[in-house]
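A short write-up of the structure that comes next.
The values are calculated or read from the model by the stated rules, or taken from the named source; none is laboratory data. Owing to the predicted nature of the structure, the values given are computational and were not obtained by experimental measurement. Methodologically, a virtual Cβ is constructed for each residue, glycine included, from the backbone with ideal geometry; neighbour enumeration extends over all protein chains shown.
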Amino acid sequence: MKKLLSITVFAFILLTLRSQTPVGSWTDHLNYNTAAGIAGNADIIYSSTGASILVYEAGMNEIRKLSPVNGLSETGIASIGWSETNNTLIIAYKSLNIDLVKGSSIAYIPDIRNRFPYGQKKINRIRTRDNYAYLASGYGIIIADIVRKEIRDTWKPGQESGDNEVFDLAISNGMVYAATENGLWQADLQNQGLAFPGNWSRVPGMPVAGCNQVIVAGETLYCNMPGESGADIVYAIGEGVAVFSQSPGTVNRSFDPAPDGFTISSSGSLRYYSSQGTLKKEISSYGWGQPDICQALIFGNDIWIADRSHGTIQGKNMTGFTGLPVSGPASDKVASIASEGGKTIICAGGTDPSWNGLKRPFMVSVHDGRKFENISSGSQYDAMRAAIDPSDPSRYFVSSWGDGLFMYENNALVKQFDSSNSPLQESGSSGETRVLGLARDKTGNLWITQPDATSKIKALKSGGTWESYPVNINAPLAGDLIATSLGQVWIILPGGYGLFIIDDNGTAGMFTDDKTRKLTITDNDNNTINSAFSLAEDLDGSIWVGTGQGPVIYHNPEGVFDGDVRGSGIKVPRNDGSGLADYMLGTETITAIAVDGANRKWLGTLSSGAYLLSADGTTLLKNYNTSNSPLFSDTIAAIAINHLTGEVWFGTSAGTLSIRENATSGNESFNNVYSFPNPVREDFTGNVTITGLVRDTEVKITDISGNLVSETTSEGGQASWDLSTYNGRRVRSGVYLVFCASGDGSESCITRIMIISR
């Protein structure tokens, strides 16, 4: 009978397996639809997006990604190069740090950044020869030893004082050539003193002007000199100097070696020349789009192209061009992130400190839980915020800084609202319809702020009609806002003007019963805090305000219109015997706040990453930053939580990424309860997650005989188990039963986990 039970349980588990990302796993959400550089050989291709690396292995026909999530030091890639001698990819970052990628290992070289003062200078190009990488930079030519993983020397082309920025270099026939801001220079490689500018000389016959690309093909040296109005001039230097090519409007971006010749990549085309300078092939169209080429490599009859507009392009036999299909957002810029009903939306617009639009092309990236669909427009600008309909996540609104409000259904534009068809107002004499904050209230009305309009607060009612609220906020701008469970709308007044709260008493359109208040942020210690940057309502109805001096909480928002209203800072005792306490994150600027399914608070900051606080805010649970996590930047622009999966999304100044965390929103009843991973393989080292629970579920785990192994309480709708018993030992192989009961005992369920141990 026991054998029959075991077989039945095993069959049940196999039928209910689900593939889920383990809790604690990071995922990058970077733009892979652009490529700035390419390197590698016929077997493996590396393509740089400027923030990450796309890897294509021909033998496995596999595409994978490299970013800080899986080992790179950072984002912000300046240049990449390939050492065929060492089968190593060299990645140079804008910070001057270097990564060496060989197979699955990544080595880090911090020497350049440590040796040179960090400024605006960067590494422009990487060329390799034998065991060395030659880095053309603002400091000259830096030579890195790939095998020893160290900096060997720095050469200084030119005879002028100060640094002569090097954009490219070529080595051939015992000579080294440097394309610099002060012309084309040469030196004998046998000379041991190339760190001394006096040991370099100008290439005879070349104009004394800046040049930025150089290559040797056959017996000829080719050099590119930027021309006026984008008409670059390519010179050929052999027995003499002659103009090789010049085309109006052509900007040449890269010279690269190719079989029996070389290529010139430019914005609109690629030209493939023989060693004698004869044009062999020109690519000026993909058949389905126009090129915007940064760099190209040719292996046999196949070509690989880094295209700024289309990403990584493969051309079999130099025809039949196809892009590598990698899902990602339209941009690595982030203004905001919204998540609702399993859908997450990134807006990539922005404003400067003076509230002028950045004029970024309108880009909205919609993630459905598996892949991105991108919405973009070249005629509109600066997508700012998104608001998803919780009753129908296929419907959402997007605000823009200049072009009004956009309504979408199933990612298709349904309607655009501006001053011509709605109460939305143009801003002064600019003619722009600027919309920022969006928030849906509990009755389905969409509340909107127009920061610098005459009437700054408006609402698009659930029935489709509009209201403009005739209130004077006594501040020049109205910023982001939230609609609360009490029916209140809380609005940030940027520039240190505090907060504005409005309650329309549930009678939109009738203003006589509205309550309003402008609120100066003052805490219980009578400290006045001028600036607010973010808002959130937690699961208990308290309002959290992110300020320039940490979080401030209003625990009694129903009394916000009565008397002297003060917020509460979170005091944490020092525990040093002094009896003193400090404010939680009191020195941080809180740029973003999100509340997870366990009522814990995720706080984004201006300069120290993201923090997770306990439900009451008194305990610091986690701090993710660039030194202890894959976080791309310590500057956080936005945080959003997918409450169906517990995934926390971080929008940083260097791109978007997410981590699978252990708290989801609790269900009203047990629904589709399961565990993952399941079965648990012998090499798994993380926690098993039980999901589909109600909030504060009591979870007890037993072996198949009913012996209690472990117990816990869910974080929102999920619980986790570290696969250990009460004595801290990993459990043995077998089937384990998970008994789940709601806090009041009214509901219960059982699920199963199969463990395979070593």
(message) Against the definition (within 16 Å of ASP28 (Cβ to Cβ), of a type in the set (A, V, I, L, M, F, W, C) and touching a His at 6+ places or on another chain (Cβ under 9 Å)), how does LEU657 come out, yes or no?
(response) yes
(request) Working only within segment 269-293, note down all residues that are in a loop (DSSP other than H, G, I, E, B) and surrounded by fewer than 15 Cβ atoms within 10 Å (Cβ to Cβ). (result) GLN276, THR278, SER284, SER285, GLY287, TRP288, GLY289, GLN290
(request) Specify the residue that is nearest to the chain's Cα centre (by Cα); the eligible residues are those in segment 634-665 that are surrounded by fewer than 21 Cβ atoms within 10 Å (Cβ to Cβ) and in a strand (DSSP E or B). (result) ALA637
(message) Anything in segment 16-35 that is buried (at least 20 other Cβ atoms within 10 Å of the Cβ) and either modelled with pLDDT under 90 or not β-branched (Val, Ile, Thr) (or both)? List them, or say none.
(response) VAL23, ASP28, HIS29, LEU30, ASN31, TYR32, ASN33, ALA35
(request) Scan (1) out of contact with any His (no Cβ under 7 Å at 6 or more places or on another chain); (2) under 30 Å from GLU588 (Cβ atoms); (3) of a type outside the set (A, V, I, L, M) for the single condition GLU668 breaks and write down its number. (result) (2)
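Specify which of the listed residues (SER79, SER95) is of a type in the set (S, T, N, Q) and outside any loop (DSSP other than H, G, I, E, B).
Step by step, each of SER79, SER95 is checked, and only SER79 is of a type in the set (S, T, N, Q) and outside any loop (DSSP other than H, G, I, E, B).
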(message) What are the pairs with Cβ atoms under 9 angstrom where one residue, in segment 269-281, is among the β-branched types (Val, Ile, Thr) and the other, located anywhere, is not in a strand (DSSP E or B)? Sequence gap at least six, or different chains.
(response) none
(message) Just the residues that are basic (Lys, Arg) and either closer than 19 Å to CYS294 by Cα or at pLDDT below 95 (or both), please, taken from segment 88-111.
(response) LYS94
(message) Take residues that are more than 28 Å from ASN410 (Cα to Cα) and tell me which of the strands (runs of 3 or more DSSP E) falling wholly in segment 301-354 contain 2 or more.
(response) 302-307, 311-316, 319-323
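Here's the yes/no breakdown for (1) polar (S, T, N, Q); (2) over 20 Å from ARG148 (Cβ atoms):
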site	(1), (2)
SER52	yes, yes
GLU57	no, yes
ASN61	yes, yes
GLY76	no, yes
TRP82	no, no
ASN87	yes, no
(message) Looking only at segment 363-384, filter to residues that are surrounded by fewer than 19 Cβ atoms within 10 Å (Cβ to Cβ) and small (Gly, Ala, Ser); which one of those is modelled with the lowest pLDDT?
(response) GLY378
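Considering only segment 714-758, state which residues are small (Gly, Ala, Ser) and either surrounded by fewer than 17 Cβ atoms within 10 Å (Cβ to Cβ) or not assigned by TED's automatic domain parsing to the domain that holds GLU698 (or both).
Residues satisfying the conditions are SER724, GLY728, SER733, GLY734, GLY743, GLY745, SER746, SER748, SER757.
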(message) Every residue in segment 484-497 that is surrounded by 17 or more Cβ atoms within 10 Å (Cβ to Cβ) and more than 20 Å from ALA594 (Cα to Cα), please.
(response) TYR497
(message) I'd like the full set of residues that are within 28 Å of the chain's Cα centre (by Cα) and under 17 Å from ASP538 (Cβ atoms), limited to segment 481-491.
(response) LEU481, ILE482, ALA483
(message) Given the criterion surrounded by fewer than 17 Cβ atoms within 10 Å (Cβ to Cβ), out of contact with any Cys (no Cβ under 9 Å at 6 or more places or on another chain) and modelled with pLDDT under 90, identify the matching residue among GLU668, GLU711.
(response) GLU668
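Give ASN191, ASN124, ASN131, ASN164 a once-over and let me know the one that is under 25 Å from GLN295 (Cβ atoms) and assigned by TED's automatic domain parsing to the domain that holds ILE233.
From the options ASN191, ASN124, ASN131, ASN164, the qualifying one is ASN164.
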(message) Criterion first (buried (at least 19 other Cβ atoms within 10 Å of the Cβ), outside any strand (DSSP E or B) and without any contact (Cβ under 8 Å) to a residue 60 or more places away in the chain) does ASP616 satisfy it?
(response) no
(message) Consider segment 314-327. How many of its residues are under 12 Å from ILE63 (Cβ atoms) and not β-branched (Val, Ile, Thr)?
(response) 5
(request) Mind listing just one residue for me: the one in segment 563-599 that is of a type in the set (Asp, Glu) and surrounded by fewer than 13 Cβ atoms within 10 Å (Cβ to Cβ) and, of those, nearest to the chain's Cα centre (by Cα)? (result) ASP576
(request) Please go through segment 426-445 and pick out each residue that is among the β-branched types (Val, Ile, Thr), in a loop (DSSP other than H, G, I, E, B) and crowded, with 21+ Cβ neighbours inside 10 Å. (result) VAL435
(message) Would you confirm, using the coordinates I've provided, whether PRO423 is part of a loop (DSSP other than H, G, I, E, B) and within 25 Å of the chain's Cα centre (by Cα)?
(response) no
(request) Residue by residue through segment 360-385, note down the ones that are under 18 Å from ALA654 (Cα atoms) and in a loop (DSSP other than H, G, I, E, B). (result) ARG360, ASP382
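Rundown of residues vs (1) surrounded by 15 or more Cβ atoms within 10 Å (Cβ to Cβ); (2) in contact with a Gly (Cβ under 7 Å, 6 or more places away or on another chain); (3) at pLDDT 95 or above; (4) not hydrophobic (A, V, I, L, M, F, W, C), yes/no style:
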site: SER254; (1), (2), (3), (4): yes, no, yes, yes
site: PHE262; (1), (2), (3), (4): yes, no, yes, no
site: SER265; (1), (2), (3), (4): yes, no, yes, yes
site: GLN295; (1), (2), (3), (4): yes, yes, yes, yes
site: ILE298; (1), (2), (3), (4): yes, no, yes, no
site: TRP304; (1), (2), (3), (4): yes, no, yes, no
site: SER309; (1), (2), (3), (4): no, no, no, yes
site: MET318; (1), (2), (3), (4): yes, no, no, no
(message) When you scan segment 681-691, do you find a residue that is in a strand (DSSP E or B) and closer than 30 Å to SER73 by Cα, even just one?
(response) yes
(request) Give the residue that is farthest from the chain's Cα centre (by Cα), with candidates limited to residues of segment 704-717 that are polar (S, T, N, Q) and closer than 24 Å to GLU682 by Cβ. (result) SER705
(message) I'm told LEU189 meets every condition in (1) more than 30 Å from MET318 (Cα to Cα); (2) hydrophobic (A, V, I, L, M, F, W, C); (3) crowded, with 18+ Cβ neighbours inside 10 Å; (4) out of contact with any helix residue (DSSP H, G or I) (no Cβ under 9 Å at 6 or more places or on another chain) except one. Can you identify the failing condition by its number?
(response) (3)
(request) Determine which member of the set TRP447, TRP466, TRP490 is under 22 Å from GLY617 (Cα atoms) and of a type in the set (Phe, Trp, Tyr). (result) TRP490
